[in-house]
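The values are calculated or read from the model by the stated rules, or taken from the named source; none is laboratory data. Here the structure is a predicted model, which means the values were calculated and not measured. All Cβ positions, glycine included, derive from the backbone under ideal geometry; neighbour counts span all protein chains shown. To get the accessible areas, we keep the full protein, side chains included, count just its heavy atoms, and leave off ligands, DNA and RNA. Shrake-Rupley method; radii C 1.70, N 1.55, O 1.52, S 1.80 Å.
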Amino acid sequence: MSEIKKDLVIIGGGPAGLAAAVSAAGEGVKDILIIERDIRLGGILNQCIHNGFGLHTFKEELTGPEYADRYIDMVRKEQIPYMLDTMVVDLSFDEKTGEKIVTAMNKTEGLFYVRARAVILAMGCRERPRGALNIPGFRPSGIYSAGTAQYYTNMEGKLPGRKVVILGSGDIGLIMARRMTYEGAKVLCVAELQPYSGGLKRNIVQCLDDFDIPLLLSHTVVDIKGKRRVEGVTIAEVDENKKPIPGSEVFYECDTLLLSCGLIPENELTDKLGAKMNPVTGGAFVNESLETDVPGVFACGNVLHVHDLVDYVSGEAAAAGKNAADHILGKNAQENDGNVINIKTENGVRYSVPSVVRPAYMPDTLTVRFRVGNEYRDKNLSVYLDGKQLMKLPKRIMAPGEMEQIILVKSKVSEIISESGVKEHELIIRVEDKE
Amino acid sequence: MKDVTIIGAGVVGCAIARELSRYDLDVAVFEKEADVCEGTSKANSGIVHSGYDAKPGTLKARFNVEGNRLIHELSKELDFPFKENGSLILALEEEGRKGLEELLERGNKNGVPGLRIVEKEELKEMEPNVSENAVCALYAPTGGIVCPFNMTYAFAENAADNGVSFVFEGVTGIEKLKDETGEVFYRITAGKETVDTRTVVNAAGVYADVFHNMVCEKKIHITPVKGQYCLMDKTAGGYVKHTLFQLPTKSGKGILVTPTVHGNLMYGPTADEAGDCEDTSTTAEGLDTVLSKASLSVEDLPRKTITSFAGLRAREDGRDFIIGEADDAPGFFDAAGIESPGLTAAPAIGVHLAKLIAAKLNAPEKKDFDPVRKGIPSIALASDEERAELIKKDPLYAKVVCRCELVTEGEIRDAIERTLGATTVDGVKRRTRAGMGRCQTGFCLARTIPILAELLGKSTDEIEKSGHGSYYIDGEIKDTL
């Protein structure tokens, strides 16, 4: 079995991997390898043929494939090597050399090893299946994750069903409500367990409202009928404990049930590596450099935490690429002063990425991303460092479907922590009532 | 005239077919579904019971203990996944000790090797996550876990390789007739086909009473009893090592918590009368019961469900297996009422019935019988060296189709092209595990369908989940606009 050496291996050639590669190359790392399991670069963007991508990154509205192409062009221009149709099957850390050992295979090279100085994890995420939702009933064909249905319509030109109920109002589900309608199917309704939507507001307007597709909040599927193919589903309203309310059941005759009930970061390799994982995000814990607790292994994009907009994925991935470059080129070798800020999220804030910040390695401004666990209207987003209020941001609306962020300014952070006299610091992010 | 016609290609029918293929006999198996292993055999606990549970002297006891011994050997000869992980029957209160002692005695009478009672301290060592309420347990070291699908496929493939024919057509009628010499024979109707056969084996699972009662005056009655299960993600697979049973109490038989042979964690089953013989639907109450009762056996029960399912047990009113030639129908052999421990007992039932039938038909053993069957190689379980070797032979073993379970196109092609190969998506899934993982075909479905279509010479629109109208693709986009 062959073994090669690389400065940087990027696992995944989707939006995160591509942006990370371009960024690392721009910082001066030349010996890069992107490993992509599909037969083309671009990841899930290839099947997202709707527009709405790139408003932040390129200041224009692109389709998924167009957005991916911008980055693929940059990768080609930088002549960054990539392997397609290649699966990484193992990832480990060589304690002696500090190298990361990537085990991969494809049809032409067979099984091979890559020894890398740094690795960027950019494997993306997968959709939560029916089983994870514990929906009772039969198990016929005609139950698809929204992404699978999207693959069929957009990549294969095939219709996965004609009379459709959608469970879950995640963005892909909303997008697919519109897509299935465009392609000639009838979408009866979108049921959402929560009292709020899991997707972006703009998608509710453009994908449901514009097509008169009802959104049933606080509703779920309680039974699936059909031994061979879906023949119908029963939808019931749920109470505040998410339990179906007896008597509220309505039967919908349909041949298809699409599920858009959340995404799960795809971290099999991260688990194999033994990096410490965050049970809230399903991704690894990372520091300000987006580095996991395994030195030289960075993570970005949906494998780290599920994003709402690809533009933010690209931004995060560019930071990971730069940080990996700094690691490889020894640029981050400056004295660590030992100061550590642990980020604590509470009172409605579910998690943060990063979860720990070493001020010595902070860039001048550091973006901290997070999501809230409920829908909040007219609240403050408050940030405290070592007990001192750092920010109080008035928010008209915050929802679980949309990612939030704050920007920490290094000079201000340094000023506060220098006053405290200790090395361990605490930054708290929380939702608060307005006075 | 066929020598033997077997009704039902579940684990029992296939085990009988495999044993009959040792003899010089013309054997056919009829199955109403599109594949073997489509009924009770595909939806059960996957447990190889040690044999302490059945009443001494019953057929259940006899075939369980013998079947357990056979599976240990057959898993090597026929290359299907089996692991002797040992079973623990937990007493969750002190009163349970007496019950365990009774089971121990019963097991000893049944000839179960190695049974003993373990006390709390040792139990904790064996199973660190066991419930704090567990006082002691009966340890059955020969208890095991098996892949029920591949055990069934192994029997079927080996039978077919040794000359047994499989017909995927449901039997709708059986007539008992006499030939010119006065010898009884049977005329089987299956769809448009009519087959005359000297003997019949009734291995029809939940429908076994229907076929028995077509030809026998002494009627039997089978009730389908539904068992619901929850399967957990592999990240929870190591939570317990042994199969944990609960000592049956007045309120029921209890729910088991077990690792599967593939490394998942599984809870179940419930036991409620099903609406009918096709009612494999799960219910909210059933799944709740599974989770709440499973949580009695271990501390902090993992709740990482990736799928749930239900299977039907064929419970005969007499509560024992019915095995052998019917009194008033010479040449009609029953393997009926095969509820738990039927999976374990199947190989022993196969040996027993094959001997009876061969003796009745004066059939000699074949000289060219080949007892060995090779399974599909697994990239997921292979070492790097083995992987490299497989890929060298066929580069498609490097092409991953199912990410969750790491199943390659090479394995999927093998599953379709081999003897009695898969013709449906479920068939590929059960043979290779493509789609068995945490995304449950979310990614690999669209990659598996084209491979099936190519190798079966069909269009992708024709590929089904499990046959009989379980289509996936419904035409082209915009075709109605």
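Of the set (1) in contact with a Ser or Thr (Cβ under 6 Å, 6 or more places away or on another chain); (2) of a type outside the set (Ser, Thr, Tyr); (3) closer than 30 Å to residue B:142 by Cβ, all apply to residue B:236 but (1).
Which of the residues that make up segment A:164-201 are out of contact with any Ser or Thr (no Cβ under 8 Å at 6 or more places or on another chain) and modelled with pLDDT under 95? Step through it out loud before you land on a result.
Step one: of segment A:164-201, the residues out of contact with any Ser or Thr (no Cβ under 8 Å at 6 or more places or on another chain) are A:175, A:177-178, A:181-182, A:186, A:188-189, A:196, A:200-201.
Result: A:196, A:200, A:201.
For segment B:448-463, the condition of being closer than 30 Å to residue A:267 by Cβ and in a loop (DSSP other than H, G, I, E, B) holds for none of the residues.
Can you name the residue in segment A:202-238 that is without any contact (Cβ under 8 Å) to a residue 12 or more places away in the chain and not aliphatic (A, V, I, L, M) and is also nearest to residue A:309 (Cα to Cα) among such residues? So the residue we want is A:209. Picking from residues in segment A:338-348 that are part of a strand (DSSP E or B) and open to solvent by 10 Å² or more (accessible area, probe 1.4 Å), the one that is nearest to residue A:307 (Cα to Cα) is A:345. Just one of (1) more than 20 Å from residue B:305 (Cα to Cα); (2) within 13 Å of chain A (Cβ to nearest Cβ); (3) of a type outside the set (S, T, N, Q); (4) open to solvent by 30 Å² or more (accessible area, probe 1.4 Å) fails for residue B:250. It is (2).
Given the structure, is residue B:335 touching an Asp or Glu at 6+ places or on another chain (Cβ under 7 Å), away from chain A (no Cβ under 14 Å) and not in a helix (DSSP H, G or I)?
Working: touching an Asp or Glu at 6+ places or on another chain (Cβ under 7 Å): no; away from chain A (no Cβ under 14 Å): yes; not in a helix (DSSP H, G or I): yes.
For residue B:335, the condition - touching an Asp or Glu at 6+ places or on another chain (Cβ under 7 Å), away from chain A (no Cβ under 14 Å) and not in a helix (DSSP H, G or I) - is not met.
Residue A:416 meets each of the listed conditions (1) more than 25 Å from residue A:281 (Cβ to Cβ); (2) open to solvent by 40 Å² or more (accessible area, probe 1.4 Å); (3) not polar (S, T, N, Q) apart from (2). Within segment A:61-87, being away from every other protein chain (no Cβ under 14 Å) and either at positive phi or basic (Lys, Arg) (or both) holds for A:70, A:76, A:77, A:79. You will find that of A:196, A:182, the residue that is within 14 Å of chain B (Cβ to nearest Cβ), over 30 Å from residue A:1 (Cα atoms) and surrounded by fewer than 24 Cβ atoms within 10 Å (Cβ to Cβ) is A:182 and no other. Identify the residue in segment B:456-481 that is open to solvent by less than 50 Å² (accessible area, probe 1.4 Å) and hydrophobic (A, V, I, L, M, F, W, C) and, among all such residues, is farthest from the chain's Cα centre (by Cα). Among them, the one singled out is B:477. In segment A:117-132, the qualifying residues are those that are more than 7 Å from chain B (Cβ to nearest Cβ) and either free of Cβ contacts under 8 Å to residues at least 24 places away in the same chain or of a type outside the set (Lys, Arg) (or both), and the one that is most open to solvent (accessible area, probe 1.4 Å) is A:125.
For the criterion of being charged (D, E, K, R) and not in a loop (DSSP other than H, G, I, E, B), residue B:94 fails.
For residues that are in contact with a helix residue (DSSP H, G or I) (Cβ under 7 Å, 6 or more places away or on another chain) and at pLDDT 95 or above, scanning just segment B:433-444, find the one that is farthest from the other protein chains (Cβ to nearest Cβ). Applying the filter and picking the extreme gives B:434.
Across segment B:302-322, what is the number of residues that are among the aliphatic types (A, V, I, L, M) and open to solvent by 20 Å² or more (accessible area, probe 1.4 Å)? Please lay out each step first, then the result.
So the first thing to find is which residues in segment B:302-322 are among the aliphatic types (A, V, I, L, M), and the list is B:306, B:310, B:312, B:314, B:322.
Cutting the leftovers down to open to solvent by 20 Å² or more (accessible area, probe 1.4 Å) gives us B:322.
Residues that pass the stated criteria total 1.
It is to be established whether one or more residues within segment B:365-375 are within 23 Å of the chain's Cα centre (by Cα), assigned to a loop (DSSP other than H, G, I, E, B) and within 12 Å of chain A (Cβ to nearest Cβ). The answer is no; no qualifying residue exists. When B:447, B:430 are screened for being of a type in the set (Lys, Arg) and either facing chain A (nearest Cβ under 7 Å) or open to solvent by 30 Å² or more (accessible area, probe 1.4 Å) (or both), only B:447 passes. Against the test of being out of contact with any strand residue (DSSP E or B) (no Cβ under 9 Å at 6 or more places or on another chain) and within 26 Å of residue B:396 (Cβ to Cβ), the options A:77, A:107, A:96 yield a single qualifying residue, A:107.
Please return the ranges of strands (runs of 3 or more DSSP E) entirely within segment B:164-213 where 1 or more residues are surrounded by fewer than 13 Cβ atoms within 10 Å (Cβ to Cβ).
Working: elements: B:165-167, B:171-178, B:184-190, B:193-202.
Answer list for segment B:164-213: B:171-178, B:193-202.
Looking across segment A:283-333, just one residue is under 18 Å from residue A:356 (Cβ atoms), without any contact (Cβ under 8 Å) to a residue 40 or more places away in the chain and surrounded by fewer than 23 Cβ atoms within 10 Å (Cβ to Cβ), and that is A:293. On the given criteria, is residue B:124 without any contact (Cβ under 8 Å) to a residue 12 or more places away in the chain, out of contact with any Cys (no Cβ under 9 Å at 6 or more places or on another chain) and within 30 Å of residue B:104 (Cβ to Cβ)? Here the answer is yes, as residue B:124 does meet what is asked.
The number of residues in segment A:88-109 that are in a strand (DSSP E or B) and either crowded, with 19+ Cβ neighbours inside 10 Å or more than 9 Å from chain B (Cβ to nearest Cβ) (or both) comes to 12.
With respect to the conditions (1) buried (at least 17 other Cβ atoms within 10 Å of the Cβ); (2) more than 22 Å from residue B:206 (Cβ to Cβ), residue B:299 falls short on a single one, namely (1).
Restricted to segment A:133-172, and to residues there that are open to solvent by 10 Å² or more (accessible area, probe 1.4 Å), in contact with a Cys (Cβ under 8 Å, 6 or more places away or on another chain) and facing chain B (nearest Cβ under 7 Å), the residue that is nearest to residue A:222 (Cα to Cα) is A:134. Take residue A:82 and tell me if it is aromatic (Phe, Trp, Tyr), touching a strand residue (DSSP E or B) at 6+ places or on another chain (Cβ under 7 Å), touching a residue at least 24 places away in the same chain (Cβ under 8 Å) and within 30 Å of residue B:389 (Cα to Cα). When the stated conditions are applied, residue A:82 passes them. Checked against the criterion of being surrounded by fewer than 24 Cβ atoms within 10 Å (Cβ to Cβ) and part of a helix (DSSP H, G or I), segment B:35-55 contains one or more residues that satisfy it.
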